[in-house]
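Have a look at the structure below, then the notes.
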Amino acid sequence: THCISSAASDVYKRQGEDSVIRPQKAQKAPLDGRSRRAYGSLVGAALREPSLIPRLRPWIDRLPAPDLAHIFQTLVDLWEHEDADITAALLMNALAGHPARDVVAGISEFAATAEDPSHLFEDAVRFLEQREHQGEIHRLQEEIQTLEPRAAADPAASGALEAALMRLLELQRRFVKP
C-alpha cells in the first residue's frame with residue numbers, strides 16, 4: 001500500500017505543477033448523458049484492463065467535461081508511473097480531494113458489469129467518434145449556409161465553400177447511414 005500511496009501522491013503533485021503551467025482551455029459545449037456514460041465507459045474499461053489506458057490519451061483534450069478530463073489525465077499519469085498497479089482505489093487516491101474522485105466508484109461499478117472491457121471500450125469509442133462526426137457535419141452545414149450567399153462575389157468564400165462541401169460529402173459517405 002505504501003507503493004500505491006506513493007505513486008498516487010507523485011501523480012497528484014505533478015498535476016498540481018502542471019495546472020500552474022497549462023493555459024486555460026476554451027469552454028466547450030456541455031456533455032449530454034449518453035456521451036458522459038461513454039466517456040465513463042472508457043475509464044471503466046481501462047480500469048478493468050489497464051493495457052487500454054494509453055488509448056485514453058487522445059481523448060483528454062477532446063473532453064468537454066473538466067472532471068472527466070481530470071480523471072483521464074490522472075489515469076494516464078498513473079500508467080506512466082513504472083511501479084503502479086492501476087486500480088480504482090489507486091485512481092481515487094491520486095484524485096485526492098478533487099471532486100472527480102466521487103465519479104470513479106460509479107464508473108468502476110458499471111464497468112464491472114460488462115462482459116469484456118475491450119468491447120466496452122470499443123463500443124464507447126465508436127459512439128463518441130460518431131457523435132464527433134455528427135457535430136462536425138452540423139458545423140459544416142451551418143458554415144455552408146453562411147458562405148453560400150457570399151461565394152459568388154468573394155473568391156475566398158467560394159474556396160471555403162468548396163472545401164466545406166467536400167468535407168461534408170466525405171463525412172456523409174463515411175458516417176451517415178442511408
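The values are calculated or read from the model by the stated rules, or taken from the named source; none is laboratory data. Just so it is clear, the model here is predicted, and its values are computed rather than measured. No Cβ is skipped: glycine too gets one built from the backbone with ideal geometry, and neighbour counts run over all protein chains shown.
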Notebook entry, point to check: In the list Ala105, Ala124, which residue meets the criterion of being part of a helix (DSSP H, G or I), among the hydrophobic types (A, V, I, L, M, F, W, C) and without any contact (Cβ under 8 Å) to a residue 40 or more places away in the chain?
Noted result: Ala105
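Kindly indicate whether Ala84 is in a loop (DSSP other than H, G, I, E, B), at pLDDT below 90 and farther than 30 Å from Glu115 by Cα.
On the way: in a loop (DSSP other than H, G, I, E, B): yes; at pLDDT below 90: yes; farther than 30 Å from Glu115 by Cα: no.
In short, no.
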Next item on the list: Go through (1) closer than 27 Å to Pro30 by Cα; (2) without any contact (Cβ under 8 Å) to a residue 60 or more places away in the chain; (3) of a type in the set (A, V, I, L, M, F, W, C); (4) assigned to a helix (DSSP H, G or I) and name the single condition Ala156 misses.
Entry: (1)
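Hey, among His133, His138, which residue is on the phi < 0 side of the Ramachandran plot, modelled with pLDDT under 90 and of a type outside the set (A, V, I, L, M, F, W, C)? Full working, then the answer.
Details: His138 fails: modelled with pLDDT under 90.
Checking each option against the conditions leaves just His133.
Only one of these is crowded, with 16+ Cβ neighbours inside 10 Å, at pLDDT below 90, farther than 17 Å from Pro117 by Cα and out of contact with any Pro (no Cβ under 6 Å at 6 or more places or on another chain): Ala69, Ala65. Name it.
Values: Ala69 fails: at pLDDT below 90.
When all the criteria are applied, what remains is Ala65.
If you check Ala114, Ala153, which single one turns out to be aliphatic (A, V, I, L, M) and surrounded by fewer than 12 Cβ atoms within 10 Å (Cβ to Cβ)?
Values: Ala114 fails: surrounded by fewer than 12 Cβ atoms within 10 Å (Cβ to Cβ).
Unique residue meeting the criteria: Ala153.
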